[in-house]
Amino acid sequence: MLLQTYPLYLAALAAGMLTPGPAMLQALTLGLRFGPRPVAVVACGNVCASVLQVLAALGGLSLLAGQPALLRVAGLGGAAYLAWLGLRLWRAPAGLAPAPVPEAGAGPATAGLPSPATAGLPSPATAGLPSPATADSPSPATAGPPSPATAGPPTPAALFGQGALVSLLNPKAWGFLAAMLPPFTTAGMPHPATVALLAGPIMLFAFGGMMAYACFGAWLTRTLASPWTMRLVFRLFAVTLWWCAAALAAG
């Protein structure tokens, strides 16, 4: 039965997973700020969580849909995360996060220019001038933390956890899989084959969809180069995230 209805399964899955939802808006938000590369780690976390949800649905844990209290807690947790993500986007500086600054030490000697020692010029120590180590300017160790405008993306572990968290705390994802998977399962099929046929497209749509949204967000950032325009776009998407958070909290 699964093989005969597989095209219908793929069409329904694409319609349900590729439309804007918490995971896709998360990918778009991070793509706007940091580009698509960090979103690949987020998408891996989402894919792993989706596989766990598929296994839970096939294993009979879809009865979770009959536990409104647990679904309510999960929905509130997902809504809180989306609201926090919207707040970060509202306060984010316009534009992509800058590339890492080259390490100190790539001075004239490494740029092909003669150093003071080889050019016959006196060094700071012999000229009576304070050396960079004793100058009043703060050293990198004492310069303090970077400002939000220069802060990079979160660590890979944090990105992976955020991707998994959005999927696991989305009760609509649980309900979608719990309602959709049982009609397409076949009792006589080997369990590994069933899991592969059902989970494979979910993994593909989850990863591919999130990367597409991230690339679109990065394209918006590069196309709308004006800081004022980008700040407006960021805040529009922040309001969208808050709307999704309110809808998720309302059930």
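Which is modelled with pLDDT of 75 or more, part of a helix (DSSP H, G or I), in contact with a Cys (Cβ under 8 Å, 6 or more places away or on another chain) and not charged (D, E, K, R), of PHE160, PHE237?
PHE160
Looking only at the range 190-235, count every residue that is surrounded by 13 or more Cβ atoms within 10 Å (Cβ to Cβ) and hydroxyl-bearing (Ser, Thr, Tyr) and tell me the total.
Summing the residues that are surrounded by 13 or more Cβ atoms within 10 Å (Cβ to Cβ) and hydroxyl-bearing (Ser, Thr, Tyr) in the range 190-235 gives 4.
Would it be correct to say that LEU63 is farther than 21 Å from LEU13 by Cβ, at pLDDT 65 or above and in a helix (DSSP H, G or I)?
Criteria not met by LEU63.
The values are calculated or read from the model by the stated rules, or taken from the named source; none is laboratory data. Here the structure is a predicted model, which is why all the values come from computation and not from measurement. Please note: Cβ atoms are built from the backbone with ideal geometry, for glycine as well, and neighbour counts cover all protein chains shown.
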